[in-house]
Structures are given as structure tokens and as C-alpha cells.
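The values are calculated or read from the model by the stated rules, or taken from the named source; none is laboratory data. This one's a predicted model, so the numbers in the text were calculated from it and none came from an experiment. Every residue, glycine among them, receives a Cβ derived from its backbone with ideal geometry; neighbour counts consider all protein chains shown.
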Amino acid sequence: MSDCKKIAFFDFDGTITRKDTLLEVIRFQKGRYSFYKGFLWTGPTLIAYKLKLISNEVAKQKILKYFFAGMEESVFQNACDGFAETRLPALIRTGALNEISKLKAAGVEVVIVSASAGNWIRRWSDSLSLELISTSLEIINDRITGRLKGRNCYGAEKVRRIRERWNLDEFGEIYAYGDTEGDQPMLALATKSYYKPFRNE
């Protein structure tokens with residue numbers, strides 16, 4: 001184990017942001033009326049997820065399919081970039097941004113590990129030169145299907161993705177930041193873990 005190499009893993013939704021970004025992306029792209037109309041139809045899915053009757057992955061795909069299935073990838077991505085540039089900055093917690101800046105200044109490698117799709121995170125993470133691990137959306141014939149490509153980056157899948165990319169034995173310090181039970185496996189990897197660290201904002 002190296003005493004000098006350090007890495008930090010941040011959950012995104014709820015940890016770095018004040019709100020769930022999938023819902024905000026839907027509102028941004030579809031408008032307030034279609035947003036609320038859609039959730040009248042998908043409401044039972046959300047209730048089933050909250051009651052732990054279905055998984056996060058199943059719930060997410062049902063919502064994605066309802067709102068985005070059949071949409072051209074380029075149109076979807078352009079809208080996601082617009083969200084990242086105009087809406088996302090106001091959702092970022094100041095404490096999280098300050099922590100990221102402090103870590104980077106100290107030479108710590110900073111990684112965002114998110115269950116949300118990278119489509120609406122990547123422009124923001126790239127602007128800060130942060131690594132990104134995220135859920136991917138399935139694209140067939142240049143259109144969104146509403147299904148995920150591979151596994152939802154949640155829970156144990158976050159750990160699998162991290163270990164697939166980094167040999168953690170090479171790091172003297174490992175920091176992890178999260179806010180839900182889906183982050184607990186990632187938090188357990190760390191030498192220093194922080195649960196809901198920026199909630200006082």
C-alpha cells in the first residue's frame with residue numbers, strides 16, 4: 001500500500017446534489033405538465049420501490065421507458081447537456097463542491113460514482129476534471145430504449161465498478177461520501193467514510 005496515493009469516491013444524487021437529478025432532468029426536458037402527468041401513471045412504480053417490492057433498477061427502467069423510450073439519442077443528449085449547463089449548477093451543494101476543490105488541491109484523485117446516467121453528469125464532471133462511473137442507457141438504432149445498458153450502478157455494483165478500474169491496495173487513503181443505503185458498500189471500502197456529510201446546507 002502506498003502512503004502517498006489517495007482517492008475519493010462521491011455519490012452524486014443527494015450527496016453532491018440537493019435533489020434527485022433524474023426527476024429534475026425529466027422536469028427540464030418534458031416540462032411541468034408532462035412531468036406531473038407522467039407521475040400519475042408511474043406513481044405505483046415509485047410506491048412499489050419505496051416499499052421495497054421492486055428494485056431500484058426495475059423502478060428506474062420503468063420511469064425511463066415512460067418518459068424517454070423512442071427519443072433520438074442526439075436530441076436526448078443535447079437536452080442533457082443543456083440541463084448540465086443551466087439547471088445542474090443550482091442543485092450542487094456548496095459544501096460538496098468545496099470538499100471536492102479541497103481534495104483536488106491536496107492531490108487526491110476524485111471520482112463520481114453515480115446510479116444516475118452519465119448523460120446529464122458528464123459535462124459537469126468533465127468541467128471539474130473528475131472521473132465518472134455511472135449507469136449507462138441502452139441505445140438501439142440511435143434511440144433511447146428506456147432500458148439500462150449493463151447493471152444499474154447502485155449498491156454492490158458501485159464497488160464492483162470501482163474495483164474493476166482501480167487496485168485499491170495502491171492507495172494509502174480512500175475517502176467515500178454517500179447518503180443512502182445504496183452507498184453503504186462503497187462507504188465500507190473507505191479508510192475514511194462520510195454519510196450525509198453536507199446535509200446542513
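Of all residues in segment 104-160, those satisfying the criterion of being of a type in the set (Lys, Arg) and farther than 28 Å from Lys5 by Cα are Arg143, Arg147, Lys149, Arg151. Inside segment 174-201, residues that are surrounded by 14 or more Cβ atoms within 10 Å (Cβ to Cβ), without any contact (Cβ under 8 Å) to a residue 40 or more places away in the chain and either of a type in the set (A, V, I, L, M) or on the phi > 0 side of the Ramachandran plot (or both) make up a count of 1. Taking the conditions (1) surrounded by 16 or more Cβ atoms within 10 Å (Cβ to Cβ); (2) more than 26 Å from Ser136 (Cβ to Cβ) in turn, Lys30 satisfies each one other than (2). The listed residues are Ile112, Ile162, and the only one of them that is among the aliphatic types (A, V, I, L, M), surrounded by 15 or more Cβ atoms within 10 Å (Cβ to Cβ) and part of a strand (DSSP E or B) turns out to be Ile112.
Residues of segment 35-91 that are modelled with pLDDT under 85 and small (Gly, Ala, Ser): Gly43, Ala48. Scanning segment 36-48 for residues that are farther than 19 Å from Ser134 by Cβ, among the polar types (S, T, N, Q) and in contact with a helix residue (DSSP H, G or I) (Cβ under 8 Å, 6 or more places away or on another chain) turns up at least one hit.
Would you call Ile47 without any contact (Cβ under 8 Å) to a residue 40 or more places away in the chain, assigned to a loop (DSSP other than H, G, I, E, B) and either of a type in the set (Asp, Glu) or closer than 21 Å to Asn152 by Cβ (or both)? Against the criterion (without any contact (Cβ under 8 Å) to a residue 40 or more places away in the chain, assigned to a loop (DSSP other than H, G, I, E, B) and either of a type in the set (Asp, Glu) or closer than 21 Å to Asn152 by Cβ (or both)), Ile47 does not qualify.
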